[in-house]
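The values are calculated or read from the model by the stated rules, or taken from the named source; none is laboratory data. It should be emphasised that the depicted structure is a prediction, and the values quoted were computed from it without experimental measurement. Here Cβ is always computed from backbone atoms with ideal geometry, including for glycine, and neighbour counts include all displayed protein chains. The area values use the complete protein model at the heavy-atom level, side chains included, leaving out ligands, DNA and RNA. Shrake-Rupley method; radii C 1.70, N 1.55, O 1.52, S 1.80 Å.
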Amino acid sequence: MYISSAEIYEDKIKLKYSDDSLDSCNDKVSLTSEQLPRPELYAVWGAMKKYVLGLVQPLQGFEDVSFFKIELFNYDGDMPMQIKLHGVGTYEKGDILEFKTQRIGVVGGVQLIVANLIDELILFARGRRAQMNLFEQAEKSVKAVEEQAS
């Protein structure tokens, strides 16, 4: 699976990806979901936000960044070689500016962040959500009760 873009807002997630398990790996799939992701996805998204802030704060003087979209380009195996980041920067006075970076090479410390982000996005696309473990536990409990009853 190759993620081409991801957007995370407070109430929904949008993914665009190609899935090599489908008949044609050239097909692009779009997914918009209001289901909550696993906490690990929020954690790695927060790490990417810190990275974005570190990039743009010295250039623009932002006080804070609301990072909402990543685009991933030029995959080499499972890792994209370039990313483009979209967000909204807030200045100390409260003024805001929407921004989009140029393509950034995925090198150094950002490689691990991008790798973890891709892993979490793939899990989300394959149906792993915040409440998934609760359902798995409930199913195991029901099966255990059924086995004891028989």
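Numbers below:
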quantity	calculated
Among (1) modelled with pLDDT under 90; (2) more than 21 Å from Y42 (Cα to Cα), the one test that D76 misses	(1)
Filtered residues of region 9-47 (kept if within 15 Å of L72 (Cβ to Cβ) and at pLDDT below 90)	S18, D19, K28, V29
Residues of region 25-35 that turn out to be open to solvent by 60 Å² or more (accessible area, probe 1.4 Å) and among the hydrophobic types (A, V, I, L, M, F, W, C), as a count	1
